[in-house]
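**Student:** After the structure tokens below, expect a handful of questions from me.
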Amino acid sequence: MSTVREFAVTPGLITAATFFILTLSWIALSGKEGNARVRAPVIGPKDTIRARWRFFRNASGLIQEGYTKYKHSMFKLSGEDILVVPNRYVSELRNMPDEIVSSIQANIDNFEGLYSTTSILLEGNLHTRTIQSRLTPRLRHHVPIVQELLQRRIPIEIPATQHQFTKVKGFDLVHRLISFIAARHFVGAPLCEDEEWLSTALTYTENTFITIICLRIFPDSIKPLVSLFIPHAYRVTWALRKAKRIIVPLILERRRREQSDPNYAKPEDFLQYMMDGANKFDSQPDKIAHRLLILTLAAVHTTSMAATQALFDLCVHPEYIEPLRQELMDVLEQEGGYKKQALTLFKKMDSFMRESQRLNPPSLLGFKRAVRQPVTLSDGTYLPKGTHLMMPVYPIVVDPEITPDPMRFDGLRHYHSRQKPGESNRHQFATTNQNNLHFGHGKYSCPGRFLAGNSIKMILSNVLLRYDIRFPKEQPSRPPNICLHEYVFPNPYAEIEFKLRKRQPKWVS
Ligand code: HEM
């Protein structure tokens, strides 16, 4: 028995396995295709293994170096993996058909589709159509429902009193609140508060991120082998199976009632919208459940990161708290509470959120595209089939030619821009343009950004009206983000202190 255990952990075996994997990696990387056929300078090491490792550890420095040297032309990152192209090509690329330049293919490749189980999204765009045509137009109607949910949940999740400050981990708190909101939109009550569903979605999300972040360092051909050694990859599959076990019976029950009960009122949620809009192939219950879980991942993690960053910014810049509270009170008085229009009138808060996202976006690179058929751009630039391109979304928004005094956090920057004649509908959290690509731009821009914006406003407004907030004394400055590859995560360990305000307006209490 002990011999077997010793054999399993011997340093010799680990060295042999590492050597084996590195040799396979080197062999796998010797063929040239896609980006390797485009002539552009490589930033950082050229050999792929070192390049991927450096990019994993210091993407921020490498991206900024590339932008500073070549912002008007192309450059490569992570060896040959990423071709960064200037944003002047956005207008040409943004509406190209998916068969030629694909956003979904690029995002799935970037997300290690096979291992994150996201490749099912390539089978059709049911999820995107449903968000655009059914979910987003109904968002206004969900505002009072979500407010009722938050009014019940927030005092439980933030057990603060009027007498002293109580510490809560910022990201965990926000993640839970966003999970409730997303689940209310996606699967309705009572599942939206079901701990089993919430923890299954969380297990899937966390393990997917860890798996893809690890796997991206290795060449494609050895990923199947490497994934066998990553326990998180098994947990992704486990969570998917569990999610299906929860959602499939719900779908079948809804269908049964639809057919047998003439008085049955269909629920108003994303699951039902997908059931109604699915074709014969998409409508298989386990496919719908699978899509639902991936959408939960796309919606909850990104939105939680943005809301956490905004809360951190409120703690770092407390001078914005009173002006934002004043706006909230004015709007809620005028509208009679959290009614359909209220959120669109939180204009200062919208600006604050956009400024927070500008300086702490979820990804330093964006507008990811996979070239499926060769393309020649208007200036003669040729992109062969297999090219994976991205745009430098963060360097663009901190470029002084694009944003004056770019490193200064100005929470009302975009609010003031909206005051200019003809600009009142621009510069919003959810509006995209060539220089603001955090949600992409054009035909394939993020369809969930309106839900994200609403969810963040609901959380920030409830928190500001109920609590005084600050960072603990031992955390005097903004907690550093965690950057892995081009992804930027708000610090998950950072705590925020909450104290119940003496008088809370009736809209939130
Ligand atoms: C702050 C939160 C969010 C951020 C930063 C974000 C960001 C993005 C980005 C950068 C893309 C790719 C756009 C492109 O390729 O050009 C995208 C696509 C997508 N997002 Fe979001 N997103 C957020 C919230 C959401 C939410 C709440 C949902 C669900 C309701 C969602 C659903 C999707 C879907 C389905 C796509 C793929 C669209 C397609 O290819 O057809 N996102 N998102």
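The values are calculated or read from the model by the stated rules, or taken from the named source; none is laboratory data. Just so you know, these numbers come straight off a predicted model, no measurement behind them. As a convention, Cβ positions derive from the backbone with ideal geometry for all residues, glycine included, and neighbour counts pool all protein chains shown. Surface areas here come from the heavy atoms of the whole protein model, side chains and all, with no ligands, DNA or RNA. Shrake-Rupley method; radii C 1.70, N 1.55, O 1.52, S 1.80 Å.
**Student:** Against the conditions (1) more than 15 Å from the ligand (Cβ to nearest atom); (2) free of Cβ contacts under 8 Å to residues at least 12 places away in the same chain; (3) surrounded by 15 or more Cβ atoms within 10 Å (Cβ to Cβ), where does Glu148 fall short? Just the number, please.
**Tutor:** Glu148 satisfies all of (1) more than 15 Å from the ligand (Cβ to nearest atom); (2) free of Cβ contacts under 8 Å to residues at least 12 places away in the same chain; (3) surrounded by 15 or more Cβ atoms within 10 Å (Cβ to Cβ) except (3).
**Student:** Please work out which one of (1) within 16 Å of the ligand (Cβ to nearest atom); (2) in contact (Cβ under 8 Å) with a residue 24 or more places away in the chain is the condition Asn125 fails and give its number.
**Tutor:** For Asn125, the failing item is (2).
**Student:** For Lys473, indicate whether it is surrounded by fewer than 19 Cβ atoms within 10 Å (Cβ to Cβ) and either farther than 15 Å from Thr302 by Cα or not hydroxyl-bearing (Ser, Thr, Tyr) (or both).
**Tutor:** When the stated conditions are applied, Lys473 passes them.
**Student:** Let me ask you something else. Tell me which of these Ser199 doesn't satisfy, since it passes every other one: (1) touching a residue at least 24 places away in the same chain (Cβ under 8 Å); (2) of a type outside the set (Lys, Arg); (3) assigned to a helix (DSSP H, G or I).
**Tutor:** Here Ser199 clears every test but (1).
**Student:** Pull up segment 426-439, narrow it to residues that are without any contact (Cβ under 8 Å) to a residue 40 or more places away in the chain and part of a loop (DSSP other than H, G, I, E, B), then point me to the one that is nearest to the chain's Cα centre (by Cα).
**Tutor:** If we take residues in segment 426-439 being without any contact (Cβ under 8 Å) to a residue 40 or more places away in the chain and part of a loop (DSSP other than H, G, I, E, B), then Phe439 is nearest to the chain's Cα centre (by Cα).
**Student:** What pairs come up if the first residue lies in segment 229-257 and is without any contact (Cβ under 8 Å) to a residue 24 or more places away in the chain, the second is surrounded by fewer than 19 Cβ atoms within 10 Å (Cβ to Cβ) and aliphatic (A, V, I, L, M), and their beta carbons are under 8 Å apart, counting only those six or more places apart or on different chains?
**Tutor:** As it stands, the answer is Ile230/Ile210, since those pairs meet every condition given.
**Student:** List every residue pair whose Cβ atoms lie under 8 Å apart, where the two residues are 6 or more positions apart in sequence or sit on different chains, the first residue falls within segment 440-451 and is at positive phi, and the second residue, located anywhere, is near the ligand (Cβ under 6 Å from one of its atoms).
**Tutor:** Filtered contacts from segment 440-451: Gly440/Ser103; Gly440/Gly366; Gly440/Phe367; Gly440/Cys446.
**Student:** Let me ask another. If you check Met407 against the conditions, is it farther than 25 Å from His185 by Cα and within 11 Å of the ligand (Cβ to nearest atom)? I'd like the intermediate steps shown before the answer.
**Tutor:** On the way: farther than 25 Å from His185 by Cα: yes; within 11 Å of the ligand (Cβ to nearest atom): no.
No: the conditions fail for Met407.
**Student:** Just give me the residues in segment 157-196 being among the charged types (D, E, K, R) and closer than 22 Å to Gln475 by Cα, in sequence order.
**Tutor:** Across segment 157-196, the qualifying residues are Glu157, Lys167, Lys169, Asp172.
**Student:** Go through segment 12-129 and tell me which helices (runs of 4 or more DSSP H), entirely inside it, have 3 or more residues that are open to solvent by less than 20 Å² (accessible area, probe 1.4 Å) and either over 25 Å from Cys446 (Cα atoms) or at pLDDT below 85 (or both).
**Tutor:** 48-70
**Student:** May I ask you to list the residues in segment 268-311 that are farther than 20 Å from Tyr204 by Cβ, part of a loop (DSSP other than H, G, I, E, B) and open to solvent by 40 Å² or more (accessible area, probe 1.4 Å)?
**Tutor:** Glu268, Asn279, Lys280, Phe281
**Student:** Could you check Asp330 against (1) free of Cβ contacts under 8 Å to residues at least 60 places away in the same chain; (2) within 16 Å of the ligand (Cβ to nearest atom) and say which number it fails?
**Tutor:** That leaves (2) as the condition not met.
**Student:** Would you call Asp330 part of a helix (DSSP H, G or I), at pLDDT 95 or above, among the acidic types (Asp, Glu) and surrounded by fewer than 17 Cβ atoms within 10 Å (Cβ to Cβ)?
**Tutor:** So Asp330 passes the test.
**Student:** Could you list, in sequence order, the residues of segment 389-409 that are buried (at least 19 other Cβ atoms within 10 Å of the Cβ) and either in a loop (DSSP other than H, G, I, E, B) or hydroxyl-bearing (Ser, Thr, Tyr) (or both)?
**Tutor:** Across segment 389-409, the qualifying residues are Pro392, Tyr394, Thr403.
**Student:** Return the only residue of Phe186, Phe209 being open to solvent by 20 Å² or more (accessible area, probe 1.4 Å), within 28 Å of Ile288 (Cα to Cα) and under 18 Å from the mean Cα position of the chain (by Cα).
**Tutor:** After ruling out the rest, the residue left standing is Phe209.
**Student:** Every residue in segment 264-313 that is among the aromatic types (Phe, Trp, Tyr) and within 14 Å of the ligand (Cβ to nearest atom), please.
**Tutor:** Matches in segment 264-313: Phe270, Tyr273.
**Student:** Of all residues in segment 345-381 being among the basic types (Lys, Arg) and closer than 30 Å to Leu412 by Cα, which is nearest to the ligand (Cβ to nearest atom)? Reasoning before the result, please.
**Tutor:** Initial filter on segment 345-381 (among the basic types (Lys, Arg)): 347-348, 354, 358, 368-369, 372.
Narrowing further to those that are closer than 30 Å to Leu412 by Cα: 347-348, 354, 358, 368.
On the way: Lys347: 18, Lys348: 19, Arg354: 11, Arg358: 12, Lys368: 6 Å.
Once the filter is applied, the top-ranked residue is Lys368.
**Student:** For Val85, state whether it is touching a residue at least 40 places away in the same chain (Cβ under 8 Å), under 30 Å from Gly337 (Cα atoms) and of a type in the set (Val, Ile, Thr).
**Tutor:** So Val85 does not fit the description; no.
**Student:** When you go through Pro159, Pro137 one by one, which is the residue that is outside any helix (DSSP H, G or I) and either in contact with a His (Cβ under 6 Å, 6 or more places away or on another chain) or surrounded by fewer than 16 Cβ atoms within 10 Å (Cβ to Cβ) (or both)?
**Tutor:** Pro159 is the lone residue from the list that is outside any helix (DSSP H, G or I) and either in contact with a His (Cβ under 6 Å, 6 or more places away or on another chain) or surrounded by fewer than 16 Cβ atoms within 10 Å (Cβ to Cβ) (or both).
**Student:** Looking at (1) out of contact with any Pro (no Cβ under 7 Å at 6 or more places or on another chain); (2) aliphatic (A, V, I, L, M); (3) open to solvent by less than 20 Å² (accessible area, probe 1.4 Å), find the lone condition where Leu484 falls short.
**Tutor:** Condition not satisfied by Leu484: (3).
**Student:** Out of the residues in segment 424-450 that are more than 8 Å from the ligand (Cβ to nearest atom) and touching a Ser or Thr at 6+ places or on another chain (Cβ under 6 Å), state the one that is most open to solvent (accessible area, probe 1.4 Å).
**Tutor:** Checked segment 424-450; the qualifying residue most open to solvent (accessible area, probe 1.4 Å) is Phe450.
**Student:** Additional query: When you scan segment 236-244, do you find a residue that is away from the ligand (no atom under 16 Å from the Cβ), open to solvent by 30 Å² or more (accessible area, probe 1.4 Å) and in contact with a His (Cβ under 9 Å, 6 or more places away or on another chain), even just one?
**Tutor:** Within segment 236-244 (the criterion being away from the ligand (no atom under 16 Å from the Cβ), open to solvent by 30 Å² or more (accessible area, probe 1.4 Å) and in contact with a His (Cβ under 9 Å, 6 or more places away or on another chain)), the answer is yes, since at least one residue qualifies.
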